[in-house]
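Single-structure report; data block below.
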Amino acid sequence: MRILVTGGAGYIGSHAVRFFLERGHQVWVYDNLCRGHHQAVPAECLIVGDLEEMARLDQAIIANRIEACVHFAGFAAVAESVREPAKYYRNNVVNTLHLLECLRHNGVKRFVFSSTAAVYGVPDRSPITEDAPLAPINPYGRSKLAVERILEDYTSAYQWGCAALRYFNAAGAHPDGTIGEDHNPETHLIPLVLQVALGLRREVEIFGTDYPTPDGTCIRDYVHVNDLAEAHLLVLEHLQPGQMLRYNLGIGRGYSVREVIETAKEVTGRTIAVKEAPRRPGDPPILVASADKIQKELGWRPRFDDLKKIIETAWNWQHARPRGFRS
Ligand code: UDP
């Protein structure tokens, strides 16, 4: 397949690009590099461009005879979305509409979208199934849900085949240590914990120790980026015109913040200083996926099925490149 990957130089996108190439697909990455890294993708695949530049996007689609699009480009920091909602609606919704229109004008009807567990807000059940109420509690989650709604309409009006993949907590790095997570500023738990282990930070804050969970800290479902990458390809291969698929992606098992820190100590063999801090606004206590639907329908199984294996790959990357792609 000839696939356009927007945001392919970002964290999850770059792992997907690697996976698609290894499976023999032809890939073009469309990325403005505002948060992505050119080093994360082969130079010959990269088209540097913004989704606002519709002429450039059109050209990329036509010149490369694109057949399908996997759309990772977007902002994904909850706290930032609360402070700057306009930025999130513009980038995640308006720019996605630009992309959809360029694809539509050029007859491309296969589309896989990076959605998020944030569409569920504070869920009323655990594990979360795809039919749980959709009630996002921040602009980030609302921007992703808005795109899911747009895709439903494109599916029925224009006979597209679409999928929204609702990621839980993407984590880990390619086991070969050449690509991994590199955000600036870093806000995610696992890389922050590993930076403390490396001596790059003094301590990691635990946001909230009074949650209604066994050890009082938040529980999340961490899923390996390579497993996410594989899910995208499986889904792409199953898209049918006029059908929209929605799948949760997680390992179906939750770990508390304290368990993440303990596991990181075990993997790194280093001490990790912690500081208890107040809750971070907008964090639900427990987010654990039921990924039964994609397991049953498409046979997806996470290969990295426990936290230790996931953190080992993240450590392999952080240890080799303490300052990420700048190392
Ligand atoms: N977290 C924390 N300290 C940090 C960063 C995160 O305690 O410095 C907690 C956060 O409150 C959440 C979990 O770790 O419960 C995962 O947060 P992360 O930002 O990695 O992902 P999110 O769940 O926001 O997608």
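Within the stretch 31-57, count every residue that is within 26 Å of Val235 (Cβ to Cβ) and of a type in the set (Lys, Arg).
1
Please state which of the following conditions Leu51 fails to meet, knowing it meets all the rest: (1) outside any strand (DSSP E or B); (2) surrounded by fewer than 20 Cβ atoms within 10 Å (Cβ to Cβ).
Answer for Leu51: the failing condition is (2).
Which condition breaks for Gln39 when tested against (1) surrounded by fewer than 23 Cβ atoms within 10 Å (Cβ to Cβ); (2) more than 19 Å from Val112 (Cα to Cα); (3) under 17 Å from the mean Cα position of the chain (by Cα)?
Looking at each condition in turn, Gln39 falls short on (3).
If the Cβ limit is 9 Å and pairs must be 6+ apart or interchain, which residue in the stretch 105-126 that is more than 9 Å from Ala164 (Cβ to Cβ) and modelled with pLDDT of 95 or more pairs with which residue that is acidic (Asp, Glu) and within 16 Å of the ligand (Cβ to nearest atom)?
Ala117/Asp221
Of all residues in the stretch 240-255, which are outside any loop (DSSP other than H, G, I, E, B) and touching a Lys or Arg at 6+ places or on another chain (Cβ under 8 Å)?
Arg246, Tyr247, Asn248, Leu249, Tyr255, listed by residue number.
Looking only at the stretch 196-208, which residues are within 12 Å of the ligand (Cβ to nearest atom) and surrounded by 18 or more Cβ atoms within 10 Å (Cβ to Cβ)?
Scanning the stretch 196-208 gives Val196, Val204, Ile206, Gly208.
Does the stretch 240-258 hold any residues that are crowded, with 17+ Cβ neighbours inside 10 Å and within 16 Å of the ligand (Cβ to nearest atom), and which are they?
The answer is Asn248, Leu249, Gly250, Ile251, Gly254, Tyr255, Ser256, Val257, Arg258.
What number of residues within the stretch 209-239 satisfy the criterion of being outside any loop (DSSP other than H, G, I, E, B) and either more than 13 Å from the ligand (Cβ to nearest atom) or touching a Gly at 6+ places or on another chain (Cβ under 7 Å) (or both)?
Matching residues across the stretch 209-239 total 18.
Sort out which residues of the stretch 92-104 are touching a residue at least 40 places away in the same chain (Cβ under 8 Å) and over 12 Å from Gln159 (Cβ atoms), and write them in order of number.
Result: Asn92, Val93, Asn95, Thr96, Leu97, His98, Leu99, Leu100, Glu101, Cys102, Leu103.
Just checking, how many residues over the stretch 187-207 are closer than 24 Å to Gly172 by Cβ and not in a helix (DSSP H, G or I)? Working first, answer last.
Going residue by residue through the stretch 187-207, those that are closer than 24 Å to Gly172 by Cβ are 187-201, 203-207.
Right, trim to not in a helix (DSSP H, G or I) and you get 187-188, 198-201, 203-207.
The number of residues fulfilling the criteria is 11.
Given (1) in contact with a strand residue (DSSP E or B) (Cβ under 6 Å, 6 or more places away or on another chain); (2) crowded, with 18+ Cβ neighbours inside 10 Å, identify the lone condition not met by Glu276.
Going through the list (1) in contact with a strand residue (DSSP E or B) (Cβ under 6 Å, 6 or more places away or on another chain); (2) crowded, with 18+ Cβ neighbours inside 10 Å, Glu276 breaks only (2).
Among the residues of the stretch 58-108, count how many are of a type in the set (Val, Ile, Thr), surrounded by 17 or more Cβ atoms within 10 Å (Cβ to Cβ) and within 30 Å of His238 (Cβ to Cβ).
Qualifying residue count, the stretch 58-108: 6.
Assess whether Ala171 counts as being within 21 Å of the chain's Cα centre (by Cα), surrounded by 15 or more Cβ atoms within 10 Å (Cβ to Cβ) and of a type in the set (A, V, I, L, M, F, W, C).
yes
Which pairs turn up if I take residues in the stretch 22-41 that are farther than 19 Å from Phe75 by Cβ and look for partners that are assigned to a helix (DSSP H, G or I) and among the polar types (S, T, N, Q) with beta carbon separation below 9 Å, at least 6 apart in sequence or on another chain?
If the second residue must be assigned to a helix (DSSP H, G or I) and among the polar types (S, T, N, Q), the pairs left are Val41/Ser14.
The values are calculated or read from the model by the stated rules, or taken from the named source; none is laboratory data. These figures come from a predicted structure and were not determined experimentally. Here the Cβ is made from the backbone with ideal geometry for all residues, glycine too, and neighbour counts use every protein chain on show.
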